[in-house]
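Structure first, commentary second.
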Amino acid sequence: MAEADRRHLPPEEAAFVAEFLREHPNWLAENPTLYRVLTPPERVHGEALADHMAAMVRAERAHAAAMTERADGVLAAGRAAASLAGRVQEVVLALLRAADPLDCISHEMPGILGIDAVHLCIEAAYPGTQRLPPGTVARLLGGRQVLFRAAAVDARLLHAEAAGLADHDALTLVPGEGPPALLALLARDPAALDPAQGSGALGFLGRAVAAALGRG
C-alpha cells in the first residue's frame, strides 16, 4: 500500500474501520503490536486519547527492548564462538609441539579447551584410543562433522572412565585415511560445549587431529 493510501482511506473504508472500532472498543488493547504502526494524534484531547498515546509509547519501548535483548544474545554468541575458536587454535599449537599427538589429545587438550575429558575413538585397536565397533562413527555422526549432545549416548564406549563425570558432550569427525575415527569431548559445564558457539571450530579441530596423526 502506498504512503498516500495509508494516510487517506476511501470514505467507505474509513467508515468501516470506525464502525468496527466502535463495536469492538477493546480490540486495539487486545492487539498492542498495532500501536507501533499507528500515527499518533498531533494533539491529545481527553483521557482516552492520552491512554492510546501511552499504549503506543509502551509498544515502541517493548519492541526496542526486545530488539536490544536479541542483539545482546547475538553478541554473546559471537563472543563465545570467538572464545572457542581461540582455544582450538591453542590446541593446534599444542599438537604441533607434541612428540606424541595421542598424549596431547588425552592430557593437554581437555585443559586447553576448558572441558573434562577428550578421547580419540577409532574403529580399530590402537593403544591410547577408545576402540569402537565397526559402523559406530557413521551411526553416531550420521554424516555430520560435529554433533553436540545434551545427553551422552554410549557414554562408557566413548568416554571410558570419564563417562560418569558429565552428560554434555560433542563428537567431532576425524577425517582421512584409515579406520573411521572421532573425537569425543565431555564437559560438566554445558556452556563449554554450547551449540550456539558454532561447529566450525570443532570441525577444524578434527581436521587438525587427523593431520597430526598422519591420516592424509
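A short reminder: the numbers here are calculations on the coordinates, not readings from a lab. These numbers come from a predicted model, not from an experiment. When we count neighbours, we look across all protein chains shown, and the Cβ atoms used for this are built from the backbone with ideal geometry, even at glycine.
Could you compute how fast region 99-212 diffuses translationally, taking Rh as the Kirkwood radius over C-alpha pairs and applying Stokes-Einstein at 10 °C with viscosity 1.306 mPa s? Give it in µm² per second. All intermediate terms of the calculation are to be shown ahead of the outcome.
Values: Rh = 13.8 Å.
Here the translational diffusion coefficient equals 115 µm²/s.
What ³J(HN,Hα) values, in whole Hz, does the Karplus curve 6.51 cos²θ - 1.76 cosθ + 1.60 give for region 206-214 when θ = phi - 60°, with x put for Gly and Pro?
These are the phi-based 3J(HN,Hα) values: x, 5, 5, 5, 4, 5, 5, 8, x Hz.
List the residues whose amide H sits under 5 Å from the amide H of residue 130, counting only those 5 or more places along or on another chain, with H placed 1.01 Å from N in the peptide plane.
120, 121, 122
Kindly state, to the nearest 0.05, the FRET efficiency for residue 131 paired with residue 189, given R0 = 30 Å and r defined as their beta-carbon distance. Kindly include the intermediate steps, with their values, before the conclusion.
On the way: r = 28 Å, r/R0 = 0.94.
Step by step, r from the Cβ atoms, then E = 0.60.
For residue 205, what is the net charge nearby, where nearby means another residue's Cβ is under 12 Å from its Cβ and Lys, Arg count +1, Asp, Glu -1?
Neighbourhood net charge equals +1.
Using a 7 Å offset from the Cα along the Cα-to-Cβ direction at both residue 102 and residue 90, what is the distance between the two label points in nm, to one decimal?
Spacing of the two 7 Å Cα→Cβ label points: 2.6 nm.
Summing Lys, Arg as +1 and Asp, Glu as -1, what charge do residues with Cβ under 14 Å from the Cβ of residue 154 carry, residue 154 excluded?
+1
How high is the relative contact order of region 99-212, given as a whole-number percent (alpha carbon pairs under 8 Å, six or more residues apart)?
Result for region 99-212 is 27 percent.
Select from 203, 137, 166 the residue farthest towards the positive end of the dipole of region 99-212; place +1 on Cβ of Lys and Arg, -1 on Cβ of Asp and Glu, and compute about the Cα centre.
137
Quick one: net charge of residue 179's neighbours, Cβ under 13 Å, K/R +1, D/E -1?
Net charge in that neighbourhood comes out at 0.
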